[in-house]
Amino acid sequence: MRVIFLKLSGGLFAGTQDGKPACIDHERVYAFAKAISTAVQEEDIKLGVAVCGGNIYRGRDHARIRKLKTSVYAGDHMGLLATVINGVALTDVLVHECGMRAELFSEVASADVADRFLVRKAAEYWRSFDILVFTGTGAPAVGRSTDSVAAD
């Protein structure tokens, strides 16, 4: 089994809806999901996808945007939750529109939204799913971002 890892910038999710700027352009999400599902099927691969959230919020910009002495942790957590929003959008389209076996994993979401990835169960996940979508590392303000997850 060949496993490939892909990082999707949050900016790729942004676009327009009805001629207005939108954090999530559902046509773009569908286009990415379709390309991902086609690659997985044609190349007979398993795919890990790290989803970023910069189209919705960037934690590092929190204090500058608010111009207040606010907690860096609040901004980082908001950024992590933005990744979860994008992950939900992508996973939903992969499963319901593209018919893929995909699962969303996050360290910051509730069990109703995403599962927690456990390294000891990685082989089981790959047997059960073709695509694993990863969001929010759960380690704000310590240099862990979706960029560093993609590098791991």
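Got a number for residues in the range 15-38 being touching a Lys or Arg at 6+ places or on another chain (Cβ under 8 Å) and of a type in the set (A, V, I, L, M)?
Selection size over the range 15-38: 0.
Tell me, yes or no, whether the range 12-19 has at least one residue that is of a type outside the set (Val, Ile, Thr), at pLDDT 90 or above, in contact with a Ser or Thr (Cβ under 6 Å, 6 or more places away or on another chain) and not in a helix (DSSP H, G or I).
Within the range 12-19, none of the residues are of a type outside the set (Val, Ile, Thr), at pLDDT 90 or above, in contact with a Ser or Thr (Cβ under 6 Å, 6 or more places away or on another chain) and not in a helix (DSSP H, G or I).
For the range 36-55, which residues satisfy the criterion of being part of a loop (DSSP other than H, G, I, E, B) and more than 12 Å from the chain's Cα centre (by Cα)?
Those that are part of a loop (DSSP other than H, G, I, E, B) and more than 12 Å from the chain's Cα centre (by Cα): ASP44, ILE45.
Restricting to the range 82-111, name every residue that is within 14 Å of PHE129 (Cβ to Cβ) and charged (D, E, K, R).
ARG101, GLU103
When residues of the range 1-33 are filtered for being charged (D, E, K, R) and under 19 Å from VAL88 (Cα atoms), how many remain? First the steps, then the outcome.
Pass one, the range 1-33, residues charged (D, E, K, R): 2, 7, 18, 20, 25, 27-28.
Narrowing further to those that are under 19 Å from VAL88 (Cα atoms): 7, 25, 27-28.
Of the residues in the range 1-33, 4 are charged (D, E, K, R) and under 19 Å from VAL88 (Cα atoms).
Select from the range 106-140 the residues that are closer than 17 Å to ASN86 by Cα and among the hydroxyl-bearing types (Ser, Thr, Tyr) and write down the one among them that is modelled with the lowest pLDDT.
Pass one, the range 106-140, residues closer than 17 Å to ASN86 by Cα: 106-116, 131-138.
Applying the additional criterion that residues be among the hydroxyl-bearing types (Ser, Thr, Tyr) yields 106, 110, 135, 137.
On the way: SER106: 90, SER110: 74, THR135: 91, THR137: 67.
Only one residue fits best here, namely THR137.
With the requirement that a residue be surrounded by 14 or more Cβ atoms within 10 Å (Cβ to Cβ), among the basic types (Lys, Arg) and farther than 16 Å from THR83 by Cβ, what does the range 9-58 give you?
ARG28, LYS34, LYS46
Kindly provide the set of residues from the range 81-112 that are surrounded by fewer than 21 Cβ atoms within 10 Å (Cβ to Cβ), farther than 21 Å from SER37 by Cβ and out of contact with any Ser or Thr (no Cβ under 7 Å at 6 or more places or on another chain), ordered by number.
LEU81, VAL108, SER110, ALA111, ASP112
Got a number for residues in the range 59-80 being charged (D, E, K, R), farther than 24 Å from GLY15 by Cα and either surrounded by 14 or more Cβ atoms within 10 Å (Cβ to Cβ) or at pLDDT 80 or above (or both)?
Count: 0.
Inspect the range 24-35 for any residue being of a type outside the set (Ser, Thr, Tyr) and assigned to a loop (DSSP other than H, G, I, E, B) and give the result as yes or no.
Within the range 24-35, one or more residues are of a type outside the set (Ser, Thr, Tyr) and assigned to a loop (DSSP other than H, G, I, E, B).
The values are calculated or read from the model by the stated rules, or taken from the named source; none is laboratory data. Note that the structure is a prediction, hence the values are computed from the model and not measured. Heads up, the Cβs are rebuilt from the backbone with ideal geometry, glycines too, and the neighbour counts pull from every protein chain shown.
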